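Read through the structure below, which is laid out as C-alpha cells, and then see the notes.
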Amino acid sequence: MAITSVLTTTSTSPHCWTDASGLVIEQVNQTLHDITGLKVRDEKADVAEGAIVKFLVPLPLTFPLDEPGDQDDEQKYEERSPSVKGS
C-alpha cells in the first residue's frame, strides 16, 4: 500500500512568485525524494512604499513515504544527504 504525505512550505523571493516556487523545490528536493506534486494555493506579496519588495508562496508538496523495511532506504538517504565533514 502506498502512503503519501503533504508538507506545506512557504518560500519567498525578491523577484517573482515563480522564483519563490522554484526555490522550494530546489531546497526540499535535497532531503525529500520523489516529490510528485505541488499546488499553488495562494500568492502573497509584501509591499513597501508602493512597490512589491517580497513575493511569498505557500506550497503544499506531495511525496510518498518509504515502505517499512525497504532495504534501499539507507542508500536513498545517503544519496540525497550532503556529507558532513569534520564530524
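Let me know the shape class of the range 4-65, please: from the alpha-carbon gyration tensor, a ≥ b ≥ c as square roots of the eigenvalues, rounded when a/c is under 1.5, otherwise prolate if a/b is greater than b/c, or oblate. Present the calculation step by step, with values, prior to reporting the outcome.
On the way: a/c = 3.63, a/b = 2.38, b/c = 1.52.
Note, shape of the range 4-65 comes out prolate.
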- Query: Can you run phi through the Karplus equation (6.51, -1.76, 1.60; θ = phi - 60°) for the range 24-41 and list ³J(HN,Hα) in whole Hz, with x for Gly and Pro?
  - Reply: 4, 4, 4, 6, 5, 5, 6, 10, 9, 10, 6, 4, 9, x, 8, 9, 7, 8
- Message: Test of understanding: what is the full-extension gain from residue 51 to residue 67, defined as 0.36 nm times their sequence separation minus their Cα-Cα distance?
- Response: 1.0 nm
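So if I place +1 on the C-beta of Lys and Arg and -1 on the C-beta of Asp and Glu, and nothing else carries charge, what would the dipole magnitude of the range 4-65 be about its Cα centre? I want it in debye, nearest 20.
Numbers: 4 positive and 7 negative charges, 32 e Å.
About 160 debye.
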- With r defined as the distance between the Cβ atoms of residue 33 and residue 8 and R0 fixed at 25 Å, what FRET efficiency is calculated, to the nearest 0.05? 0.85
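Read-outs: derived from the displayed coordinates by stated rules, not from any lab. Only a predicted model underlies this, so the values are computations on that prediction, with no experimental measurement involved. Reconstructed Cβ throughout: ideal geometry from the backbone, glycine too, with neighbour counts over all protein chains shown.
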